[in-house]
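Asker: Dropping the structure in here first, questions after.
Please treat every number below as a calculation from the coordinates, not as lab data. As the structure is a prediction and not an experimental result, all values here were calculated from the model. Here the Cβ is made from the backbone with ideal geometry for all residues, glycine too, and neighbour counts use every protein chain on show.
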Amino acid sequence: MLKKFLFAAALLTSVTLSAQKIAYVNTESLYMDMPEVSELESTIATLNESYRTELTKMQGEFQKKYAEFMEQQDTLPENIKVRRQQEVQELQLRIQNFVEVAEEDVQNKQRELLEPINQKIRDTIKKVAEENSYTYVLEGAVLLYTAPDAIDATPQVKQKLSK
């Protein structure tokens, strides 16, 4: 009885697996061809440049104050010397905080701009999968091996994305 059950389960599994269509998509290739990604890269580059400009100004200010302090420290009264040293340290901390905030802001902006692109790709992959009765669509970049007759749905998805 157990042998019959196992045989029936194995037969059912093989029939079920043979009826499934599996395709793969290279999403990196999709990103490369999307104009939205070029726009995203341009926006992020502009944002980075504005932060870089501000950082350069802050660093110039820091270097100027530090050079002045180093030049005058031997001639300053102790309380002024301590205050100027604190100013230099505070400026250095402001620069560090600015860098952290700028990096976080750029990452957040990139995530914000990337989400609609990712959603568009997911929706398009889903449409192609439904139209072609694919049971699964896998990421092609992580596949270790694909047979010559494997279904690459990347061209179909690219075609739909470009419409």
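Asker: So which residues in the range 91-108 are surrounded by 11 or more Cβ atoms within 10 Å (Cβ to Cβ) and either more than 30 Å from the chain's Cα centre (by Cα) or charged (D, E, K, R) (or both)?
Answerer: 91, 94, 103, 105
Asker: Go over the candidates 26, 118 one by one and state the one that is among the polar types (S, T, N, Q), touching an Asp or Glu at 6+ places or on another chain (Cβ under 9 Å) and surrounded by 11 or more Cβ atoms within 10 Å (Cβ to Cβ).
Answerer: 26
Asker: Assess whether residue 126 counts as being under 13 Å from residue 31 (Cα atoms), of a type in the set (Lys, Arg), outside any loop (DSSP other than H, G, I, E, B) and out of contact with any Ser or Thr (no Cβ under 7 Å at 6 or more places or on another chain).
Answerer: So residue 126 does not fit the description; no.
Asker: Turning to a different aspect of this structure: Please go through the range 71-101 and give me each residue that is touching a helix residue (DSSP H, G or I) at 6+ places or on another chain (Cβ under 9 Å), of a type outside the set (Val, Ile, Thr) and part of a helix (DSSP H, G or I), ordered by number.
Answerer: 72, 81, 84, 85, 87, 91, 92, 94, 98 - these are the residues of the range 71-101 that are touching a helix residue (DSSP H, G or I) at 6+ places or on another chain (Cβ under 9 Å), of a type outside the set (Val, Ile, Thr) and part of a helix (DSSP H, G or I).
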